[in-house]
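Here is the structure we will look at.
The values are calculated or read from the model by the stated rules, or taken from the named source; none is laboratory data. Quick caveat: nothing in here was measured; it's all calculated off a predicted structure. Note that each Cβ is placed from the backbone with ideal geometry, even for glycine, and that neighbours are counted across all protein chains shown.
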Amino acid sequence: SGQIMAATALLSQRPDPNDQDIDNAMKNNICRCGTYTRVRKAIHRAAKDLNSG
């Protein structure tokens, strides 16, 4: 849930984040599953969905 909260906070501050923005926002969330690239992709998709209407 920490990742979701961090992603929500990021998207509220930066509606169209780049990879560096996402990495900085998520750097304090350690995940044992190692799916950081998938999390980054999901945040990009959420930003696109939120910005499309």
Condition met for I30 (β-branched (V, I, T) and either outside any helix (DSSP H, G or I) or out of contact with any helix residue (DSSP H, G or I) (no Cβ under 6 Å at 6 or more places or on another chain) (or both)): yes
Residues being at pLDDT below 90, β-branched (V, I, T) and loosely packed, with under 11 Cβ neighbours inside 10 Å - total across the stretch 24-47: 1
Residues being within 17 Å of G2 (Cβ to Cβ), without any contact (Cβ under 8 Å) to a residue 12 or more places away in the chain and β-branched (V, I, T) - total across the stretch 24-53: 2
Near pairs, Cβ below 6 angstrom, 6+ apart or cross-chain, from the stretch 8-23 (surrounded by 11 or more Cβ atoms within 10 Å (Cβ to Cβ)) to any residue that is not basic (K, R) and not in a helix (DSSP H, G or I): L10/P17
